[in-house]
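Only one structure is covered here, and it is reproduced in the block below.
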Amino acid sequence: MKILDLFSKFQKDIFVGRFLAFRELKRNNPWSTALIIFVMSLTFLNMVLMGGILTGLADGMMNSFKTYYSSDILIKPATQYISISQSGMLNSVIKSLPSYKASSSRYTTPAILENENKVKIRNTEIGQRVSSTTVGINPKDEDAVTGISSEIILGEYLKEYDTDGIILGKSLLAEYSQGSSTEPRLKGVTIGSRLKLIIGNKDIDVFVRGIVDTGNSTVDSRAFMLESTMRPLVNNYSLSASEIAVLLNSGSNREEAKGYILNNFSYNTDVIVETAEETLPKAISDMKKTFSMLGNIVGVISLIVGAITIFIVIFVNAITRRKYIGIMKGIGISARAIEVSYVMQSLFYALSGILFSSLIIVWFLAPWFDIHPLKFPVTEGKLAVTTSGLVIRGLILTLTAFISGYVPARMVTKQNTLDAILGR
Amino acid sequence: MITVKDITRIFTIGDNTLTALKKISFAVPGGQFLAITGMSGSGKSTLLYQLSLLDTPNQGVVTIDDIDTSKLTNEEKISFRLKNLGYIFQDYAILPMLTAKENVMMPLLMHGIDEGVAQKRAIDALMKVDLQDRLDNLPSQLSGGQQQRVSIARAIVHNPKILFADEPTANLDSESSEKVLDIFLDLHRQGQTIIMVTHESEYAKLAQRNIELRDGKIASDKPAKLKT
């Protein structure tokens, strides 16, 4: 019976609180209401945006590393070897993976690219040069794993018979990237330019077919050519790959795949098998942690600012209406109903702000950052916003608004009724 | 029936104390129209606050219909006021963000009465005080007399056992004051218990009984000469 009474009282409090809140909001100065909602929108934007950009940068670094370099699994020779000697057997194991989608064997070597078209004063003078890691690939396999062909910003991707073609990462070219004075770039090189590729004491002429921009600094400082052209230059006639990137079916467990390879490849001590996460340079994973922490700090500061804003708004509103709160209590309106009305007003401000800024984020900011990512030296940063992230931050701001609305209302309603009416 | 027994109210302001009410006792039977009069500072408003449970005496007991109100908690007092008392404030005290009709609906909504029914009863109450054409006006769009009549409608809409009025005509012109008092007399004729504080002896005479306070004590308690 007592529970039913309490429930009935609670219902009345909610109903009267809603009635009061609705009228109060309806008859408030619309500019004041708009301003408060605007402040709440900015608070929520700040909570989402700063964290989202920082996380987006970290995600951008990780994703580009995974997409264009390591893929799901990256296999490298053990430290004492320069190549994977049993590559054929290893590829058979890889292709037998239940979650196998594609793989690419890469043959890497340090090389020098020389632009002989540079104006030389004397014949003995060397041309403009740049050092790079040159990667021999099967274009079809590499594209199946990394989708690199879609990142060609100028020219075209390598074709399977293009024996003297080369794809250059944008970081090798002065026109596409700016490096320090100690990092030389090739100038004036474009599609069709002839370059001399020097590996050890051998050299061949190659022609630039395309320029690639993946946003990943490792890949963008590489040069790609057909493995069939490159292997003879490094005397590799045994198909011993320098690294093998393996793409798994979407949603597959990388750890399981790694375990499968290690268990089924007899020469597993000769290789290092790493998942995408393990391949990440420590600097990137540290950066992700730091960015996440910075995002959280900015979010918490925004939350505090938002909470104080709502607190001040509700407190000033309640203080200026202290007399009327006293009158309401005087005519029998419960303190709880009055508190409900203030809490509902603060929830209205917060939810309107959340809704307004969510629409801005989803309809404008996220698509805008997708088209115009932030350019950073090591990667491109997009806005990392997920529905769950928005919901969680929205709930936190709503809870904060609830507390920030309730506390000042409670402070005023618990004052002596007569003192409130008489303004004592 | 209200019974007041030996109530004393002392205010402490800094190091000083002021005894506003000194051991006052009296009883008000149901249906009576009582006027409490006295000079400014005599303690009449303070007495009304004790009777209407807006304030708590330092000593003594106020009993309403055999309920010892000193034993009620603050929340219970609010609920008791809602169920049993109506209060008309000197400065009208209607809520500025609500229309006349919404102001009158408030006590009914707090009773848990359906919004539609509350609206109908509020309109009836406003018609009783001749404000049927001001239902949707905000307080800022009403004159002082009209605001006071809204306040009366709000105080009577839930059929309270006792109606308290604190200087209800103090801020009104004579025409508006007479309208308000006519309403009180009409309510009284219908059996409403009314306790009104006033410093205007002319209006006090309209009541059945007149208690005059002086320096926090009852100076006289006698039937008023009822005007017809």
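Computed from the coordinates by the stated procedures, all read-outs in this text should not be read as laboratory data. Keep in mind that what you see is a predicted model, and the values were worked out from it rather than measured. Using ideal geometry, Cβ is built from the backbone for each residue, glycine included, and neighbour counts are taken over all protein chains shown.
Some observations on this one:
- Shielding by partners, peptide B:91-103 (average Cβ within 10 angstrom, other chains): 4
- Within the same chain, lysines fewer than 8 places from A:LYS12 are excluded, and of the rest, those with a Cα less than 23 Å from its Cα are A:LYS2, A:LYS26, A:LYS323, A:LYS329, A:LYS414, B:LYS77, B:LYS83, B:LYS101, B:LYS120, B:LYS161.
- Amide hydrogen neighbours beyond the local backbone of B:ILE36, cut-off 5 Å, H modeled: B:MET196, B:VAL197, B:THR198, B:ILE211
- Springs join every pair of Cα atoms under 10 Å in this Gaussian network model of chain A, and among A:LEU173, A:LEU395, A:LEU158 the largest mean-square fluctuation is at A:LEU395.
- Between 0 and 90°, nearest 10: helix A:30-65 axis offset from chain A longest Cα axis: 20
- For B:ASN58, the residues whose amide H sits under 5 Å from its own are B:THR8, B:ARG9, B:ILE10, ignoring neighbours fewer than 5 places away on the same chain, with H placed 1.01 Å from N.
- Ratio of Rg to Rh over region A:267-341 (Cα coordinates, Kirkwood Rh, two decimals): 1.55
- Charge dipole (chain A, unit charges on Cβ, about Cα centre) - positive-most of A:THR279, A:TRP31, A:ILE166: A:TRP31
- Order of B:THR8, A:THR146 under a 10 Å beta carbon neighbour criterion, fewest first: B:THR8, A:THR146
- Helix axis angle, A:387-413 relative to chain A longest principal axis, alpha carbon, degrees: 20
- Using alpha-carbon coordinates, inclination of helix A:335-360 to the longest axis of chain A, degrees: 30
- 3J(HN,Hα) along region A:232-242: x, 5, 10, 6, 9, 10, 9, 6, 7, 6, 7 Hz, from the Karplus curve 6.51 cos²θ - 1.76 cosθ + 1.60 with θ = phi - 60°, whole Hz, x for Gly and Pro.
- Ellipticity estimate at 222 nm from DSSP helix runs (n ≥ 4, -39,500 (n - 2.57)) divided over chain B, nearest 500: -10000 deg cm²/dmol
- Phi angles across region B:56-72 convert, under the Karplus curve 6.51 cos²θ - 1.76 cosθ + 1.60 with θ = phi - 60°, into 3J(HN,Hα) values of 10, x, 6, 9, x, 9, 10, 10, 10, 6, 6, 9, 6, 6, 5, 8, 7 Hz, Gly and Pro given as x.
- Think of it as helices only: each DSSP H run of n ≥ 4 in chain A is worth -39500 (n - 2.57), and spread over all residues that comes to -17000 deg cm²/dmol at 222 nm.
- Computed on chain A, the Cα convex hull volume stands at 206 Å³ per residue.
- Only Lys, Arg (+1) and Asp, Glu (-1) charged, at Cβ; region B:77-228 dipole about Cα centre in debye: 660
- Distant-in-sequence amide contacts of B:LEU18, defined by a placed amide H-H separation under 5 Å and a gap of 5 or more residues or a different chain, comprise B:PHE11, B:THR12, B:ILE13.
- Simple point charges give the picture: +1 on the Cβ of Lys and Arg, -1 on the Cβ of Asp and Glu, and for region A:263-418 a dipole about the Cα centre of about 1320 debye.
- Radius 15 Å from Cβ of A:ILE361, net charge of other residues (Lys, Arg +1; Asp, Glu -1): +1
- Magnitude of the charge dipole, chain A, Cβ model with Lys/Arg +1 and Asp/Glu -1, debye to 20: 2460
- Residue exposure sequence - A:THR398, A:THR387 - by fewest surrounding Cβ within 10 Å: A:THR387, A:THR398
- Beta bridges per DSSP with both ends in chain A, % antiparallel, nearest 5: 75
- Furthest towards positive pole of dipole, A:THR134, A:MET50, A:GLY60, structure part region A:35-162, Cβ charges: A:THR134
- For region A:1-147: rounded, prolate or oblate by the Cα gyration tensor [a/c cutoff 1.5]: oblate
- Rounded if a/c under 1.5, otherwise prolate or oblate - region B:102-228, Cα gyration tensor axes: prolate
- Peptide-level mean, for B:105-116, of C-beta atoms on other protein chains within 10 Å: 4
- Relative contact order for chain A: 29 percent, from Cα pairs under 8 Å spaced at least 6 residues apart, divided by residue count.
- Positive-end extreme of charge dipole, region A:268-424 - chosen from A:SER352, A:THR290, A:ILE396 (charges on Cβ): A:SER352
- Cα shape, region B:126-186, gyration tensor, a/c 1.5 rule: oblate
- Residues of region A:229-257 with amide N under 14 Å of a point placed 7 Å along Cα→Cβ from A:ASN263: A:253-257
- Residue-wise HN-Hα couplings along region A:324-334, as the Karplus relation 6.51 cos²θ - 1.76 cosθ + 1.60 with θ = phi - 60° gives them from phi, are 5, 5, x, 5, 4, 5, x, 8, x, 7, 5 Hz; Gly and Pro carry x.
- Viscosity 1.567 mPa s, 4 °C: Kirkwood-radius Stokes-Einstein D of region B:1-127 over Cα pairs, µm²/s: 78
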